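Below is one structure, written out as structure tokens, with a few remarks after it.
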Amino acid sequence: MRPGTSAPVLIAGGGIGGLTLALLLIERGVPVKVFERTADPREVGAGLLVAANALKVYRRVGLEDALVAAGAVLGEGTLKLPSGTVLSSVDVDDLATRVGAVSIGMHRGIYHGILLRAVPDECLVLGEELIRYEQGNGKVLAHFASGRTEVGSMLVGADGIHSAVRRQLDGRRWSPPRDAGESCWRGLAPANCLPDGHPAHRAFTETWGDSVRVGLIPLGGGLLSWHVYFRPWTEPFPDEGGGPRDEAQQATLRARFLEILGDWHDPIPTIVAAGDFSALLRTENRDRPPTDRWSDGAVVLLGDSLHPITPNIGQGAALAVEGAAVLARAVAEESDARAAIARYRRERRRRVAFVTRLSHAVGPWASSGSRVMRTLRNLGTRGTPQWLAVASSEQIYGYDV
């Protein structure tokens, strides 16, 4: 599949992985079409970590500086107990020097918007939901809910954790994502709820409690992100089912969160009190165990459709971006779709399996409801030599495709 191939690479899904792949293919001269089921994508969502290993990929398409400018550069990463006791800390400024890129916090919607605007209009089709595919004569036919059919040299399923491409690819072996045993509430707060110079403006912090943990991430643009993970059997309240919340519902949620977190270390109570409870999101943490089934002929999976992971180590988006970089290179350099897909799987499978298993294992460790396990967790984390903590961070964030 050399540049100039007549039939384009078809990408189902205009999320972070799909758009990143499109930009990397376009840069290499490979024709591409992205199909996004949402007719009017908007900059919604909460905060996320855009790690150094992801940011380095965007240098090739000239977007690294724009992403950094739209986010908040992280200077420190810290693990704490609710009392404020520090379990572990990594100098992220120093890590950036070691790995060759900064890590940033930013609003997911802003991130997505930067990618979306970078894709040429003629390569992006909105309001088209892929429902099935078929293959023959070296081509892939993609069928959409509207009745539209497109012909491509390859189909990439980048359509998320509930991927229609994966459902067809797996066939009778398809099963839903596994429950990781935690729910997650994600919120935003105005950055000016904290004084200028407060460490939280430059630090990513996770605080590990008893079956509950809290994360704080500065996002830039006058925003801070906070998230709370609950083991499901300890969550004291259910989701109301989504949709806009009235002022009474917002007040009830705020009071419940402050009841749980009001005596946790600074600045958690302040950020929660200032949080926007109209936009608070609740999801279940889910993932899939590593699989050997990545493709079907000239159809291949990317990102959450292939390897949804828990958010425990901040690598969900980065893993998709890494995969997009490897797949784009393989498509541009290999002779046909099947050779490119084989190379992509060969180069990615160990990394994907390692990160997926590591992230899944961190959840029960970090959010344990067992006093014995929490004691071991705290002693083990505090006793980890600094050089080993840095080396572990380099293994994740210093990865270079």
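The values are calculated or read from the model by the stated rules, or taken from the named source; none is laboratory data. Since we're looking at a predicted model, the values are computed, not measured. Glycine also receives a Cβ, built like all others from the backbone with ideal geometry; neighbour counts cover every protein chain displayed. Just so you know, the surface numbers come from the protein's heavy atoms only, side chains and all, with ligands and any DNA or RNA stripped out. Shrake-Rupley method; radii C 1.70, N 1.55, O 1.52, S 1.80 Å.
Largest mean-square fluctuation among Leu376, Leu48, Leu253, in a Gaussian network model of the chain whose springs join Cα atoms under 10 Å apart, belongs to Leu376. Counted over the range 312-381 with a bin width of 5 Å, the fraction of Cα pairs per bin, in whole percents, is 3, 15, 18, 15, 12, 10, 8, 6, 5, 4, 2, 0. Note on the range 32-122: with neighbouring protein chains present and a 1.4 Å probe, carbon and sulfur make up 48 percent of its accessible heavy-atom surface. Taking the inverse of the mean reciprocal distance over all distinct Cα pairs, the Kirkwood hydrodynamic radius of the chain comes to 21.9 Å. In summary, no lysines lie within cross-link reach of Lys56, defined as a Cα separation below 20 angstrom excluding same-chain residues under 8 places away.
Normalised per residue, the accessible area of the chain is 42 Å², obtained with a 1.4 Å probe and no contribution from ligands, DNA or RNA.
Of all lysines in the structure, those lying under 16 Å Cα to Cα from Lys139, and not within fewer than 8 positions of it along the same chain, are Lys33.
Under a Gaussian network description of the chain, with springs only between Cα atoms under 10 Å, the residue in Pro199, Pro232, Pro385 that fluctuates furthest is Pro385. Secondary structure note: in the chain, about 70% of the DSSP beta bridges are antiparallel. Electrostatic bookkeeping for Thr207 treats Lys and Arg as +1 and Asp and Glu as -1; over the other residues with beta carbon under 10 Å from its beta carbon, the sum is +1.
In whole percent, and with a 1.4 Å probe on the protein chains, what portion of the accessible area of the range 269-374 is carbon and sulfur?
49 percent
Beta-bridge orientation, the range 1-91: approximately 55 percent antiparallel, per DSSP, counting only bridges with both partners inside.
Roughly what angle does helix 108-118 make with the longest principal axis of the chain, taking Cα atoms, 0 to 90 degrees, to the nearest 10? In the chain, helix 108-118 runs at an angle near 30 degrees to the longest axis. Report, in degrees rounded to the nearest 10, the 0 to 90 angle that the Cα long axis of helix 316-333 makes with the longest principal axis of the chain. The angle comes out near 20 degrees.
Could you tell me the convex hull volume per residue, in Å³, taken over the Cα atoms of the range 39-175?
190 Å³
Note on the range 53-108: percent of Cα-Cα distances in each 10 Å bin, starting at 0 and stopping at the bin with the largest distance, equals 22, 45, 24, 9, 1. Taking other residues whose beta carbon is less than 11 angstrom from the beta carbon of Ser305, and scoring Lys, Arg as +1 and Asp, Glu as -1, yields 0.
Expressed as a whole percent, the proportion of Cα-Cα pairs in the range 257-361 lying more than 24 Å apart is 43%. Neighbours of Ser393, meaning other residues whose beta-carbon lies under 12 angstrom from its beta-carbon, give a summed charge of -3 when Lys and Arg score +1 and Asp and Glu score -1. Over the chain, DSSP H runs of length four or greater, each weighted -39,500 (n - 2.57), average out per residue to a 222 nm ellipticity of -11000 deg cm²/dmol.
Partners of Lys80 within straight-line reach, counting aspartates and glutamates whose Cα lies under 12 Å from its Cα and excluding those fewer than 8 residues away in the same chain: Glu206, Asp266. Result for the chain in a Gaussian network model with C-alpha springs under 10 Å: among Trp294, Trp365, Trp208, the largest mean-square fluctuation is at Trp365.
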